[in-house]
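This report concerns only the one structure given below.
The values are calculated or read from the model by the stated rules, or taken from the named source; none is laboratory data. Bear in mind the structure is a predicted one, so any value in this text is a computation, not a measurement. Heavy atoms of the whole protein, side chains included, go into the accessibility calculation; ligands, DNA and RNA do not. Shrake-Rupley method; radii C 1.70, N 1.55, O 1.52, S 1.80 Å.
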Amino acid sequence: MLAKLVVLVGLVVLVWKAYQWGALAQRRKMAGGAPAPRASGGAAAPRAPEPAAEDLHACAICGAYVARGSTPCGKPECPQRR
């Protein structure tokens, strides 16, 4: 009976530690921090630049949201024509 209790407590501790490790990994991923490079000289790969955000505005004709300076949609009354 005592052996079963010890095994049960061990499993609970193992699951709890695995949960903590997974939560830590998730926080690092969400923070965007890469793990520190290894002492063997392995450098982390460079990250790709984030795309620039662009504000959209509603089209006066159809109401669709489009980027300023985008190509015309093809409608004769499209305000994006140049």
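Tabulated values for the structure
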item: Out of Ala53, Ala45, sole residue that is open to solvent by 100 Å² or more (accessible area, probe 1.4 Å), modelled with pLDDT under 95 and part of a loop (DSSP other than H, G, I, E, B); result: Ala53
item: Criterion: among the charged types (D, E, K, R), open to solvent by 70 Å² or more (accessible area, probe 1.4 Å) and modelled with pLDDT of 75 or more - qualifying residue of Arg28, Arg38; result: Arg28
